[in-house]
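Derivation of every value follows stated rules applied to the coordinates shown; laboratory data play no part. These figures come from a predicted structure and were not determined experimentally. Using ideal geometry, Cβ is built from the backbone for each residue, glycine included, and neighbour counts are taken over all protein chains shown.
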Amino acid sequence: MAETLQVEELDDRVVVTLRRPGSRNAINAAMVRELHDVCGMLEDRPRLLLLTGDDGTFAAGADIAELRERGREQALQGINSRLFDRIARLPLPTLAAVDGYALGGGAELAYACDLRIASPTAVFGNPEPGLGILAAAGACWRLRDLVGASVAKQVLLAGRRLDADDACRLGLVAEVVPAGELLKRAHALLDRMARSGPLALRLTKLVADAPGGHPVTDDLAQAILFESDDKRSRMDAFLAGERR
Ligand code: COA
């Protein structure tokens, strides 16, 4: 039974809601542990992941009371960065549905997902230097990949916060929908992905995330897919006039 998360397991997806009432869903050690448990579950049985936050906040960062007590040893353990890397490498696509604040580690968690959608109150920011530290769980490079170096440096160095419109314009989020429709829209996006071949999605994610990119990787992944029964039955269905 998770203490900091609500976890709903469905056939083709897992829905995780960050839930630390009174702490704006700040990411503490218990939440890190429980998110690792979710990763273990998704590695054992790959499914889509929908990640969201409770009560009008995605997550207001790492838990500052815990951060304050951490030293060099804990920084080198990469407590958040290893978790977010594990999430980024989950076999099937992940989607963050961001309502309200996604700050610090909360923003980095959203950056680690494959896709993001937001409500109009969403705010992304990395205020870590204001606390005398750096955003060390992926923001320094994931945000640059997502929005470009210039905007990333405005966020990382100049404390710029990206509201929902900024995030949409910059491509950080796929779309902005009213808070009341956020989960419905998130599920619709996942439904769309769930109609694709799971192995095709999995290999596409692997190839898209492979550092540097190399045509051989694409060919090898395609060679696996070309031999699959799923590919043959999907193409047969198309040729028989079925449209999914
Ligand atoms: N870690 C620990 N506790 C946090 C927290 C965090 N990252 N963010 C918020 N909280 C706690 C607050 O201490 C407060 O607790 P209290 O009621 O016991 O005093 C509670 O959550 C509500 O936060 P509050 O600041 O009163 O809410 P708000 O709506 O006025 O502001 C934020 C919301 C997100 C703007 C503000 O809480 C904030 O700036 N949080 C820190 C963001 C940050 O620097 N993150 C990077 C960390 S690396």
Taking a point 7 angstrom from the Cα of residue 210 along the C-beta vector, which residues in segment 42-78 have backbone N less than 11 Å away? none
Is it possible to state the helix-based mean residue ellipticity at 222 nm for the chain, with each DSSP H run of 4+ residues giving -39500 (n - 2.57), the sum divided by total residues, to the nearest 500 deg cm²/dmol? What is it? -13500 deg cm²/dmol
Take the alpha-carbon centre of segment 169-214, take the same for segment 48-109, and report the distance between them in whole Å. 18 Å
Ranked from highest to lowest mean number of other Cβ atoms within 10 Å per residue, what is the order of the peptides 159-165, 79-85? 79-85, 159-165
Can you figure out the FRET efficiency of residue 9 with residue 157, using R₀ = 45 Å and their beta-carbon distance, to the nearest 0.05? 0.65
What is the Å³ per residue value for the convex hull set by the Cα atoms of segment 73-183? 93 Å³
Sites residue 174 and residue 150, calculated FRET efficiency, Cβ-Cβ separation with R0 22 Å, nearest 0.05: 0.55
Could you tally the net charge around residue 238, taking each other residue with its Cβ under 14 Å from the Cβ of residue 238, Lys/Arg +1 and Asp/Glu -1? +3
Among beta bridges assigned by DSSP with both residues in the chain, the antiparallel ones amount in percent, to the nearest 5, to 25 percent
Using a Gaussian network model of the chain whose springs link C-alpha atoms within less than 10 Å, name the residue from 146, 172, 131 with the highest mean-square fluctuation. 131
With label points set 7 Å from each Cα along the Cα-to-Cβ direction at residue 240 and residue 140, the distance between them in nm comes to 5.5 nm
Extending each Cα 7 Å along its Cβ direction at residue 181 and residue 222, get the distance between those two points in nm, one decimal. 3.8 nm
On each of the three principal axes the extent of the alpha-carbon atoms of the chain, given in whole Å and largest first, is 60, 39, 37
Using 0.36 nm per residue, how much length does the chain from residue 188 to residue 68 gain when fully extended, once their Cα-Cα distance is taken away? 39.2 nm
By the mean-Cβ-within-10 Å protection proxy, highest first, 87-95, 224-232, 174-182 rank as 87-95, 174-182, 224-232
Quick one: if you stick a label point 7 Å off each Cα along the C-beta vector at residue 165 and residue 231, how many nm between them? 4.6 nm
